[in-house]
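Everything below concerns the one structure shown next.
Please treat every number below as a calculation from the coordinates, not as lab data. If you're wondering where the values come from, they're calculated on a predicted model, not measured in any experiment. Backbone-built Cβ (ideal geometry, glycine too); neighbour counts: all protein chains shown.
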Amino acid sequence: MSSPSPSYSAAIDATDLLYAWPGKSPVIDIAHFSVARGERVFLRGPSGSGKSTLLGLLGGVLNPARGRVCLLGTDITALSAGERDRFRGEHLGFIFQMFNLIPYLSVLENVLLPAQFSPARASRIPGGDLAAEGRRLLAALGLGSTDFLDRPVTELSIGQQQRVAAARALLGRPGIIVADEPTSSLDYDSREDFLRLLMNECKTQESALLFVSHDTSLGPLFDRNLSLREINRA
């Protein structure tokens with residue numbers, strides 16, 4: 001499997017991208033879409049507009065009918081399914097709408113989970129101290145109290161679980177963070193507070209952030225604010 005190019009300028013670069021579900025008209029038909037390294041991009045669109053399908057293509061979970069997706073200088077459409085899985089685990093961090101935390105693990109155990117499946121993620125942790133990096137990320141995202149670390153995540157509020165999910169995605173300094181509607185359960189003040197903390201940490205790590213939501217009020221907080229309709233010909 002090829003490794004990311006050390007000289008890449010684009011974190012995400014998708015060209016001539018086409019995807020249709022079986023028996024359906026194309027839902028994604030994009031001439032070109034890119035996110036620069038370290039850029040924070042807000043991608044908006046109503047429910048059912050194809051946002052999650054696009055994320056599946058960009059993450060290598062779905063294969064396009066046509067086109068190419070390059071992540072960090074690597075053409076993932078040229079990789080095998082296993083190679084795409086490995087690349088995704090090493091270089092992408094995902095924050096899901098439902099968070100997808102493991103209920104029987106503690107807060108810190110959830111944050112450290114990516115390092116168990118990706119030696120590359122673990123190797124990028126400063127000093128190799130996984131627990132220290134997990135605590136640092138939680139503190140950076142507003143969960144600095146040690147009282148949280150050993151609690152089951154099911155004992156936390158929705159907002160606290162959201163921050164745990166973000167810390168997990170950021171562990172190991174992935175080049176790309178993808179967030180799919182992670183703030184839909186929060187009020188505006190909580191959403192804005194979380195976003196500022198998340199974007200500060202992405203800036204510290206030089207991670208690109210692609211944040212997908214139908215909530216247009218969040219767009220002005222980002223470097224670039226796009227509508228899926230603006231880039232999608234489908």
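Here are a few things to note about the model shown:
- Amide H contacts under 5 Å for Ala10, placed H, 5+ residues apart: Arg37
- Summing charges over all other residues whose Cβ lies under 11 Å from the Cβ of Gly159, with Lys and Arg as +1 and Asp and Glu as -1, gives -1.
- Nearest-20 debye value, the chain charge dipole, Cβ charges on Lys, Arg, Asp, Glu: 460 debye
- Taking packing as the residue-averaged number of other Cβ atoms within 10 angstrom, the listed peptides 110-118, 86-94, 61-69 run from highest to lowest as 86-94, 110-118, 61-69.
- Net charge dipole size for the stretch 112-234 [Lys, Arg +1 and Asp, Glu -1 on Cβ; Debye, nearest 20]: 440 debye
- For the chain, adding -39500 (n - 2.57) for each run of n ≥ 4 DSSP H residues and dividing by the number of residues yields -10000 deg cm²/dmol at 222 nm.
- Working note: Debye formula, equal point scatterers on the alpha-carbon atoms of the stretch 128-234, no solvent; log10 I(q)/I(0) at q = 0.23 Å⁻¹ is -1.38.
- Each Cα pair under 8 Å and six or more residues apart adds its separation to the average, and for the chain the resulting relative contact order is 30 percent.
- Other residues lying with their Cβ under 13 Å from the Cβ of Arg191 contribute a combined charge of -4, Lys and Arg counting +1, Asp and Glu -1.
- For the stretch 115-170 and the stretch 59-100, distance of Cα centres in Å: 23 Å
- Dipole-positive endmost among Ile231, Pro174, Pro103 within the chain (Cβ charges, Cα centre): Ile231
- When peptides 147-159, 43-55, 23-35 are sorted by average Cβ neighbour count within 10 Å, with the highest value leading, the order is 43-55, 23-35, 147-159.
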